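So the structure is just underneath, and the comments pick up after that.
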Amino acid sequence: MTRGLLGVYLLLVVVTGCGITAPAPEDHFYRVQPDFPGAPEPVPRLGGQLLVDAVTADPLRSGRAVLFREEDKPLQLQRYHYAFWAERPPRMVQQVLSQYLRSSGIAESVQDGRSLRADPDYEIRARLLRFERIVGKTGSGVELELEVSFYIPGSEQVQTMVYEQRLAADGDDMHATANAMQEALGQVFAEILSDLEQFGLSG
């Protein structure tokens, strides 16, 4: 092969190599749906309508990107570029909490605000403090923290509680993370239901 032909061949190899690109990563979306584990109450403990108000959160936790922090860097919060929640976490928590309480039969009706037709008899207001993946040297997990206030509208009666769960995931993939978050939410919802019953009975 002459030098000229060799030069052209090498140039083609370089150009062809530069044109080969890896497939772009795909976006993945995850949802959580903790189901009420038992049978609904035969008679509602709370007479009337229960409103689950819109859940609030800081701007970072109001986005759909899955957040994470490394266990040895507790002050640094990061977000994944291709992993997202199907809904914004505050809205997702409001929806699944409403469904959970509705399935429990705790009140005559449970509304999330969009279908509210009259003033509620009871109200839940919540703030999402933590909703993130934890990445450690021995595996991954999730951390959930939810501040919840129980109200009786028109009354000075109010009770505020903070619920926390930190669970290990059964794998290092994002689906295992979503499963762990779903389990964490289920445990927190069970605590909320118990405290709501006591709050309603004391009202």
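About the Cα centre of segment 3-202, what is the dipole size in debye to 20, counting +1 per Lys and Arg Cβ and -1 per Asp and Glu Cβ, all else neutral?
Computed about the Cα centre, the dipole is about 920 debye.
Tell me the angle of helix 3-19 to the major Cα principal axis of the chain, expressed in degrees between 0 and 90 and rounded to the nearest ten.
The answer is roughly 0 degrees.
Which ordering of 143, 71, 26 is given by a fewest-first count of other beta-carbon atoms within 10 Å?
If I rank by nearby Cβ atoms, fewest first, I get 26, 71, 143.
Within a 10 angstrom radius of the beta carbon, how do 131, 68 rank from fewest other beta carbons to most?
68, 131
Using Cβ counts within 10 Å as a stand-in for footprinting exposure, how do 138, 177 rank, fewest first?
With the fewest neighbours first, 138, 177 line up as 138, 177.
Got a sec? Which residues in segment 138-163 would a label at residue 191 touch, if it sits 7 Å along Cα→Cβ and we count backbone N under 20 Å?
Counting backbone N atoms under 20 Å from the label point, the list is 141-151, 158-163.
How long are the semi-axes of the equivalent ellipsoid of the chain, taking √(5λ) for every eigenvalue λ of the Cα gyration tensor, in whole Å from largest down?
49, 17, 15
Using 0.36 nm per residue, how much length does the chain from residue 27 to residue 149 gain when fully extended, once their Cα-Cα distance is taken away?
Net length gain for the segment: 40.4 nm.
Got a sec? Charge dipole of the chain, +1 on Cβ for Lys and Arg, -1 for Asp and Glu; which of 97, 181, 83 is way out at the positive end?
83
Computed from the coordinates by the stated procedures, all read-outs in this text should not be read as laboratory data. Predicted, not measured: the structure shown is a model, and the values here were computed from it. Don't worry about glycine lacking a Cβ; one is built from the backbone with ideal geometry, like all the others, and counts go over all protein chains shown.
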